[in-house]
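**Q** Dumping the structure here so I can ask a few things about it.
The values are calculated or read from the model by the stated rules, or taken from the named source; none is laboratory data. It should be emphasised that the depicted structure is a prediction, and the values quoted were computed from it without experimental measurement. Glycine gets a Cβ as well: all are built from the backbone with ideal geometry, and neighbour counts include every protein chain shown.
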Amino acid sequence: MKRAKQAKAGEPGTGRAGSTRAIVIGPYVSGAGRVDLTSRSPKARLDEAVGLARAIDLDVRQTFEIHLSAIRPATYLGKGKVEEIAREIENGEISLVVMDCALSPVQQRNLERAFKTKVIDRTGLILEIFGQRARTREGALQVELAHLAYQKSRLVRSWTHLERQRGGFGFLGGPGETQIETDRRLIQERMTRIERELEQVKRTRGLHRKSRRDVPFPTIALVGYTNAGKSTLFNALTRAQVRAENLLFATLDPTLRALQLPHGGRAILSDTVGFIADLPTTLVSAFRATLEEVISADLILHVRDISHAESDVQGEDVAKVLSELGIDPNDSARLMEVWNKADLLDHDARIAVANAARRVPADRRPVVISAATGEGITDLLERIEARLASERTQLALTLDPSDGKGLAWLYKNSEVLERRNQSDGSVFLEVRIAPERAELVHRRFPNARAPQLHAARLRKV
């Protein structure tokens, strides 16, 4: 029924001296009363919960994997388990208990009374991580909004004097308003202010996206399970120095950089927050302004840690979040899977992964890479360019030597893939442009035509 493990002294990631001593409990429902429909193994789920705890430097002293036949309304766990864990908490001088599940306010309050220490659930833990990771004003606002929504629903556990009445002036709460009602109203007012600020952020991002479309460069977004290697890949593709660590949720704030494609084209690459199983809906909602970079992208690269034992299940979790954002995870024209961390596979596993990739239909075939070593990056860039080219119009045209304005217009309004100065002084150009803007090129340059040879070359990539 239960598996308890004592963390070894000096074990990597067990926490630093002076950090909060914690226990992580994985209470997973199984058997006839099973309500947990995830296909992930309990061990993998518990390991991930420990990783989340250590991501904010908790000193994880012990873990419990508990299999439940049913969830108890009062304490989630059975009475015997609560008493057993309470003894472990007292003996180990534990000051925080992390429950890898979603607790109701009543369950959280009752467990804190039984354990005589602070208890947080999975949502609370993820919110703590996000609170530490946010670096920009936008990120901080999004985290605060999600935290306030979470806190608002749990005010009941913070007050034992709900019958207390308070009078006061209009702005402090009218006569007869209880303390809890006042707090809930103040939280709602703060949430409304944050939502207004985030709406301005959304409008600003929308203007930035419009200006990028007007250039226009195609946009590419990296998505994936947390710690799949998105930021390492981002750095490898753009030669940027974005924070990339073996750490859950190392990236929260979106970063955009120019990406140079093999045949001279350019694109805008966006690194986004990682997804995770049971990502709180409050976070998905709060981070929608950021995630709109994904929603509006021309191409989405789904980065998967192919060396992870739960890679397939993690992929399913990402697909669920994409669906929540209104993106079809089966849209092969817009999504491309990137199987990362191939360098962590042994010889036999590499062969198996390569064979699995080859069995996928060509329009959905993943690219196997290692962002850390650079393996497969060239192939990935060529595949990106081929995919973008298939969705955009390519034209070839020749400009008179005196048409400097026309040349400047093309550089401003299209991607110039090739330029050759010819012997008579004219300039030959191959450009790529969004289909809806092709008519603008034809009107200004009637001699523009489809570059058959260049298109054929790209189709072979």
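**Q** Against the definition (more than 39 Å from the chain's Cα centre (by Cα), of a type in the set (A, V, I, L, M, F, W, C), surrounded by 15 or more Cβ atoms within 10 Å (Cβ to Cβ) and at pLDDT 85 or above), how does Leu410 come out, yes or no?
**A** No, not satisfied.
**Q** Which one of these is part of a helix (DSSP H, G or I), touching a residue at least 60 places away in the same chain (Cβ under 8 Å) and among the small types (Gly, Ala, Ser): Ala408, Ala354, Ala372, Ala386?
**A** From the options Ala408, Ala354, Ala372, Ala386, the qualifying one is Ala386.
**Q** Something else about it: Which condition number does Leu335 fail, the rest of (1) aliphatic (A, V, I, L, M); (2) in contact (Cβ under 8 Å) with a residue 40 or more places away in the chain; (3) within 26 Å of Gly374 (Cβ to Cβ) being met?
**A** (2)
**Q** Here is a follow-up. Please indicate, with yes or no, whether at least one residue in region 106-124 is touching a residue at least 60 places away in the same chain (Cβ under 8 Å), part of a helix (DSSP H, G or I) and either closer than 28 Å to Glu189 by Cβ or within 20 Å of the chain's Cα centre (by Cα) (or both). Can you show your working first?
**A** Just the residues of region 106-124 that are touching a residue at least 60 places away in the same chain (Cβ under 8 Å), to begin with: 122-123.
Still in the list and also part of a helix (DSSP H, G or I): 122-123.
With either closer than 28 Å to Glu189 by Cβ or within 20 Å of the chain's Cα centre (by Cα) (or both) added as a condition, the list becomes 122-123.
Checked region 106-124: at least one residue is touching a residue at least 60 places away in the same chain (Cβ under 8 Å), part of a helix (DSSP H, G or I) and either closer than 28 Å to Glu189 by Cβ or within 20 Å of the chain's Cα centre (by Cα) (or both).
**Q** Sort out which residues of region 413-437 are over 14 Å from Arg266 (Cα atoms) and crowded, with 18+ Cβ neighbours inside 10 Å, and write them in order of number.
**A** The answer is Val427, Leu429.
**Q** Just one of Glu128, Glu144 is over 28 Å from Ala44 (Cβ atoms), in a helix (DSSP H, G or I) and modelled with pLDDT under 90; which is it?
**A** Answer to the check: Glu144.
**Q** For the list (1) surrounded by 14 or more Cβ atoms within 10 Å (Cβ to Cβ); (2) closer than 19 Å to Ala228 by Cα, I need the number of the one condition that Asp346 fails.
**A** Here Asp346 meets the rest and fails (1).
**Q** Among the residues of region 90-104, write down those that are under 18 Å from Asp278 (Cα atoms) and either exposed (fewer than 14 other Cβ atoms within 10 Å of the Cβ) or touching a residue at least 40 places away in the same chain (Cβ under 8 Å) (or both).
**A** Those that are under 18 Å from Asp278 (Cα atoms) and either exposed (fewer than 14 other Cβ atoms within 10 Å of the Cβ) or touching a residue at least 40 places away in the same chain (Cβ under 8 Å) (or both): Val98, Met99, Asp100, Cys101, Ala102.
**Q** Yes or no: Asp343 under 24 Å from the mean Cα position of the chain (by Cα), at negative phi and assigned to a loop (DSSP other than H, G, I, E, B)?
**A** Taking the combined requirement at face value, the residue does not satisfy it.
**Q** Quick one: which helices (runs of 4 or more DSSP H) lie wholly within region 172-289 and hold at least 2 residues that are modelled with pLDDT of 80 or more and surrounded by 14 or more Cβ atoms within 10 Å (Cβ to Cβ)?
**A** Answer list for region 172-289: 179-214, 230-238.
**Q** Given the conditions (1) free of Cβ contacts under 8 Å to residues at least 12 places away in the same chain; (2) over 18 Å from Tyr225 (Cβ atoms); (3) not aromatic (Phe, Trp, Tyr), and given that Arg364 satisfies all but one, which numbered condition is not satisfied?
**A** Only one criterion in (1) free of Cβ contacts under 8 Å to residues at least 12 places away in the same chain; (2) over 18 Å from Tyr225 (Cβ atoms); (3) not aromatic (Phe, Trp, Tyr) is unmet by Arg364, namely (1).
**Q** Among the residues of region 389-398, is there at least one that is surrounded by 14 or more Cβ atoms within 10 Å (Cβ to Cβ), touching a His at 6+ places or on another chain (Cβ under 7 Å) and within 30 Å of Pro329 (Cα to Cα)?
**A** Looking through region 389-398, at least one residue is surrounded by 14 or more Cβ atoms within 10 Å (Cβ to Cβ), touching a His at 6+ places or on another chain (Cβ under 7 Å) and within 30 Å of Pro329 (Cα to Cα).
**Q** Within the set of pairs 6+ apart or on separate chains, which have a first residue in region 45-58 that is over 12 Å from Asn227 (Cβ atoms) and part of a loop (DSSP other than H, G, I, E, B), a second that is at pLDDT below 90 and acidic (Asp, Glu), and C-beta atoms under 9 Å apart?
**A** Taking only residues 6 or more apart or on different chains, the pairs are Ile56/Glu128.
**Q** Go through region 349-363 and give me each residue that's charged (D, E, K, R) and surrounded by 13 or more Cβ atoms within 10 Å (Cβ to Cβ).
**A** Arg350
**Q** If you go through region 349-356 one residue at a time, do you hit one that is touching a Leu at 6+ places or on another chain (Cβ under 7 Å) and modelled with pLDDT of 95 or more? Write out each step before concluding.
**A** Within region 349-356, the subset touching a Leu at 6+ places or on another chain (Cβ under 7 Å) is 353.
Narrowing the set further to residues that are modelled with pLDDT of 95 or more leaves 353.
There is at least one residue in region 349-356 that is touching a Leu at 6+ places or on another chain (Cβ under 7 Å) and modelled with pLDDT of 95 or more.
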